[in-house]
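Asks: Below you will find the structure I want to go over with you.
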Amino acid sequence: MRRVLRDSVVAGMTLAQPVYGMNGQVILNSGMDLTEFHISKISELDVKYIYIEGETQLIDANDEAAQQAKTEIVLAAHSALDEVRVGKYVETEHTKSKVLALLDECCMRKEIQPLFTAMQNCNDYLFNHAVCGFFYAMLMGMSRGIEGQRLRELGLGALLRDVGMITISRDILNKPGTLNPEEMAIVKQHTEKGYELLQRNPEISLSAANCALQHHERFDGSGYPRGAKENSIHEFAQITALADVYSSMTANTPYRRALSVYDALAIVQKAGAAFFNPELIQVLVSNVAIFPLGAVVRLNNQAVGLVSDYADELRTKPIITLTQNEAGVRTKQTVTVDLDQNPNVYIAEVS
């Protein structure tokens with residue numbers, strides 16, 4: 001199944017989804033072979049595009065330049081994902097392989113590949129940020145039972161959420177230091193510009209395009225560009241928004257060091273409830289190990305130990321086997337650090 005703009009519809013195409021009238025009634029049913037008469041009826045309706053049977057257009061195996069571009073993008077994505085600071089409770093490498101397989105599919109799509117290339121050429125951070133956010137969105141999407149074509153649409157939307165940035169001046173994008181209000185207003189236009197770019201592409205669904213439009217909207221209505229709130233924000237955009245912020249916090253930039261997984265998730269949990277769907281916050285926490293097994297941690301009392309187990313299902317209450325007590329003496333004492341019940345002792349650093 002693929003999407004075709006209304007003006008590109010030709011006789012002989014087979015509808016994959018029904019076409020509806022103004023009152024929600026079915027005008028043309030799925031499975032129908034379109035004739036010129038049907039096309040004229042579609043033109044009379046306020047329909048921007050239809051879905052037809054057929055495979056998505058892929059890049060030609062003989063197109064060496066396109067194949068080389070695909071290879072370079074996937075290799076760059078591998079490199080970006082190597083920097084992802086995540087400890088999945090299931091095997092992380094298996095998850096990465098699945099995510100990269102979906103990325104590989106995206107890069108095979110003829111009309112979409114140029115957008116990836118443009119983002120990669122814009123600057124390294126933009127591309128790496130896109131890939132890392134894509135990874136976290138995939139983790140959350142798979143955990144919520146999203147699969148098949150819907151998972152591909154989420155992935156595509158998450159990966160291209162910042163594609164509108166390619167329309168912004170490089171002088172602004174690469175400016176060192178803080179942007180002034182006028183420059184910030186220009187940067188904020190990337191959501192609507194990205195949406196317009198994706199909407200013009202018949203290979204990209206409205207669900208995916210909404211990730212670009214709404215990934216800076218916030219659950220309490222404080223985001224942009226339209227101040228949408230709660231369920232008026234598309235599910236895929238809600239997932240992408242959280243993935244985008246978490247990816248930003250845990251990435252190194254020329255201007256600041258990455259936050260630890262622990263610090264980033266603590267911020268999301270404490271301050272994020274107003275900005276993100278609380279259910280999604282729990283999904284993210286359940287997929288990212290705040291305190292990975294085997295991690296070396298330092299407590300606020302200067303004791304040092306290893307994460308050996310957890311006292312809760314979400315792995316937010318690690319059991320620490322101390323290797324050094326607060327006086328600096330080697331020990332094998334086992335303690336449970338419960339951040340809810342014992343606020344006087346907490347993990348100050350994870351390495």
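Throughout, read-outs are computed from the coordinates displayed, never taken from laboratory work. Since this is a predicted model, take the numbers as computed values, not measurements. Positions of Cβ are backbone-derived with ideal geometry, glycine not excepted, and every protein chain shown enters the neighbour counts.
Asks: Take the Cβ-Cβ distance between Leu5 and Arg226 as r, set R0 to 22 Å, and report the resulting FRET efficiency rounded to the nearest 0.05. Intermediate values should be presented prior to the final figure.
Replies: Details: r = 24 Å, r/R0 = 1.10.
After rounding to 0.05, the efficiency reads 0.35.
Asks: Give the angle, between 0 and 90 degrees and rounded to the nearest 10, that separates the Cα long axis of helix 148-159 from the longest principal axis of the Cα atoms of the chain.
Replies: Its long axis makes an angle of about 70 degrees.
Asks: Would you mind ranking Lys41, Lys96 by Cβ crowding within 10 Å, fewest neighbours first? Please list the in-between numbers first.
Replies: Working: Lys41 16, Lys96 19.
With the fewest neighbours first, Lys41, Lys96 line up as Lys41, Lys96.
Asks: P(r) of region 2-52 in 10 Å steps, Cα pairs, percent per bin?
Replies: Computed distribution, short to long bins: 27, 67, 6.
Asks: Expressed as an acute angle from 0 to 90° and rounded to the nearest 10, what is the orientation of the C-alpha long axis of helix 235-249 relative to the principal long axis of the chain?
Replies: 40 degrees
Asks: Which ³J(HN,Hα) values, rounded to whole Hz and listed in residue order, are derived for region 173-180 from phi using the Karplus coefficients 6.51, -1.76 and 1.60 in 6.51 cos²θ - 1.76 cosθ + 1.60 with θ = phi - 60°, glycine and proline given as x?
Replies: In residue order, the calculated couplings are 4, 9, 5, x, x, 7, 6, 7 Hz.
Asks: What's the exposure ranking of Ser40, Ser8, going from fewest to most Cβ atoms within 10 Å? Present the calculation step by step, with values, prior to reporting the outcome.
Replies: Values: Ser40 9, Ser8 12.
Lowest count first: Ser40, Ser8.
Asks: Using a basic spin-label model with each label point 7 Å from the Cα along Cα→Cβ, how many nm lie between Gln269 and Ala118?
Replies: Placing both labels 7 Å beyond Cα along the Cβ direction yields 4.1 nm.
Asks: Specify the angular offset, from 0 to 90 degrees and rounded to the nearest 10, of the alpha carbon long axis of helix 64-82 from the longest principal axis of the alpha carbons in the chain.
Replies: Roughly 30 degrees between the two axes.
Asks: Amide H of Tyr20 versus every other amide H placed in the peptide plane: which residues, excluding those fewer than 5 positions away on the same chain, fall under 5 Å?
Replies: Ile27
Asks: Taking 8 Å as the Cα distance limit and 6 or more residues as the minimum spacing, I'd like the relative contact order of the chain as a percentage. Please list the in-between numbers first.
Replies: Numbers: 575 pairs, mean separation 41.2, N = 351.
Taking the mean separation of contacting Cα pairs over the length of the chain, I get 12 percent.
Asks: Students often get this wrong: which residues of region 99-113 have the backbone nitrogen under 16 Å from the point 7 angstrom along Cα-to-C-beta of Glu72?
Replies: Only 107-108, 113 fall inside the zone, counting backbone N under 16 Å.
Asks: Compare the Cα positions of Leu293, His234, His216 along the charge dipole of the chain (+1 at Cβ of Lys, Arg; -1 at Cβ of Asp, Glu; about the Cα centre) and return the one farthest towards the positive end.
Replies: After comparing all options, I get Leu293.
Asks: Given the rule -39500 (n - 2.57) for each run of at least 4 DSSP H residues, summed and divided by the residues of the chain, what is its mean residue ellipticity at 222 nm, to the nearest 500 deg cm²/dmol? Can you show the working numbers first?
Replies: Details: 13 runs with 153 residues, N = 351.
Using -39500 (n - 2.57) per qualifying helix, the result is -13500 deg cm²/dmol.
Asks: For the residue pair Ile39 and Arg257, what label-to-label distance in nm results when each label sits 7 Å from Cα along the Cα-to-beta-carbon direction?
Replies: Each label point lies 7 Å from its Cα, and together they span 6.3 nm.
Asks: Sticking with this structure for a sec: I need Thr167, Thr35, Thr191 ordered by Cβ neighbour count within 10 Å, fewest first.
Replies: Values: Thr167 15, Thr35 11, Thr191 25.
With the fewest neighbours first, Thr167, Thr35, Thr191 line up as Thr35, Thr167, Thr191.
Asks: Quick one: 3J(HN,Hα) in Hz for region 260-269, Karplus 6.51/-1.76/1.60 with θ = phi - 60°, rounded, Gly and Pro as x.
Replies: Result, ordered by residue: 5, 4, 4, 5, 5, 6, 5, 5, 4, 5 Hz.
Asks: Let me ask another. Charges at C-beta only: +1 for Lys and Arg, -1 for Asp and Glu. How large is the resulting dipole of region 2-52 about its Cα centre, in Debye rounded to 20? Display every interim value, and only then the final one.
Replies: On the way: 5 positive and 5 negative charges, 41 e Å.
That gives region 2-52 a dipole magnitude of about 200 debye.
Asks: At q = 0.12, 0.14, 0.15 Å⁻¹, what log₁₀ I(q)/I(0) does a Debye calculation on the Cα points of the chain give, no solvent, two decimals?
Replies: -0.94, -1.18, -1.29
Asks: Let me ask something else about it. Which of rounded, prolate, oblate describes region 177-243, given a ≥ b ≥ c as roots of the alpha-carbon gyration tensor eigenvalues and a/c under 1.5 marking rounded, otherwise prolate only if a/b is larger than b/c? Kindly include the intermediate steps, with their values, before the conclusion.
Replies: Working: a/c = 2.29, a/b = 1.24, b/c = 1.85.
Verdict is oblate for region 177-243.
Asks: Would you grab the residues whose amide H sits under 5 Å from the one on Met13? Only those 5+ places off in sequence or on another chain, please, with H modelled 1.01 Å from N.
Replies: Leu34
Asks: Run the simple label-point estimate for Asp60 and Thr178 please: 7 Å along Cα→C-beta, distance reported in nm.
Replies: Going by the 7 Å Cα→Cβ label model, 5.3 nm.
Asks: Just report the Cα centroid separation between region 144-201 and region 208-242, whole Å.
Replies: One Cα centre to the other: 12 Å.
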